[in-house]
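A short write-up of the structure that comes next.
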Amino acid sequence: MPSRPQTKPAGSYDYAAMASYAEKYWQNYNPAYRKFNEAGGDCTNFVSQALKAGGWANKSGDAEDYRSWWYDTSYQSTSWVGANEWSWFTLDSKRATNLANVYYMGVGDVMQMDFDKDGSKDHTMVVTYRSSSGVPYLTYHSVNTYRKSVASIIASYPTSAYYAYRT
């Protein structure tokens, strides 16, 4: 499928740093962060770490309020670790916008999946590479994966709903 070139505002976030972080820690987890594999999955925690590495600033507030986004040594906001809460925070705070097509994603953009189309997002991934033909490749945790093409992901889960975000 042909795709539009990635366009991002100049001077915003460091997308290369996001990708570099994710590619460094996709398999060997950063010891500075807790793992959430046994508590529903580590995918959104991992993506939040990558976004933080690229310049996303903490937004203080109550841990259970999706309008906050933060992590500290003892706790974190639900939007840091929860797929739905992350999307609510991201769109509400205008840190990201929805993309009309997953093939429009560029490095540093995020894709989420709703495996059973029940309206609840189940998985979060970050784009760490875009091929010369424009295909985004995603890196993620929970099933630790390095640069899997969006085409391969969709082929593996053809009945899922997909959400793409321009960060």
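The values are calculated or read from the model by the stated rules, or taken from the named source; none is laboratory data. The structure presented is a predicted model; accordingly, all values stated were derived computationally and were not measured. In this analysis, Cβ positions are derived from the backbone assuming ideal geometry, glycine residues included, and neighbour counts consider all displayed protein chains.
Points worth noting:
- Among the residues of the range 105-123, those identified as surrounded by 15 or more Cβ atoms within 10 Å (Cβ to Cβ) and either more than 17 Å from residue 19 (Cβ to Cβ) or without any contact (Cβ under 8 Å) to a residue 40 or more places away in the chain (or both) are 112, 113, 114, 121, 122, 123.
- The set of residues from the range 83-123 being more than 13 Å from the chain's Cα centre (by Cα) and assigned to a loop (DSSP other than H, G, I, E, B) comprises 93, 94, 100, 101, 115, 116, 117, 118, 119, 120.
- Residue in the range 124-133 that is without any contact (Cβ under 8 Å) to a residue 24 or more places away in the chain, aliphatic (A, V, I, L, M) and not in a loop (DSSP other than H, G, I, E, B) present: no
- Hits in the range 140-150 (condition: modelled with pLDDT of 95 or more and either crowded, with 17+ Cβ neighbours inside 10 Å or under 14 Å from the mean Cα position of the chain (by Cα) (or both)): 140, 141, 144, 145, 146, 147, 148, 150
- First in the range 9-34 and under 16 Å from residue 143 (Cα atoms) and modelled with pLDDT of 95 or more, second anywhere and assigned to a loop (DSSP other than H, G, I, E, B) and of a type in the set (Lys, Arg), Cβ under 9 Å, 6 or more apart: 29/35
- Residues within the range 24-82 that are in a helix (DSSP H, G or I) and either among the aromatic types (Phe, Trp, Tyr) or buried (at least 22 other Cβ atoms within 10 Å of the Cβ) (or both), tallied: 13
- Evaluation of residue 154 against (1) crowded, with 20+ Cβ neighbours inside 10 Å; (2) touching a helix residue (DSSP H, G or I) at 6+ places or on another chain (Cβ under 8 Å); (3) not basic (Lys, Arg) (one fails), failing number: (1)
- For the range 151-166, the count of residues that are modelled with pLDDT of 95 or more, part of a loop (DSSP other than H, G, I, E, B) and of a type in the set (A, V, I, L, M, F, W, C) is zero.
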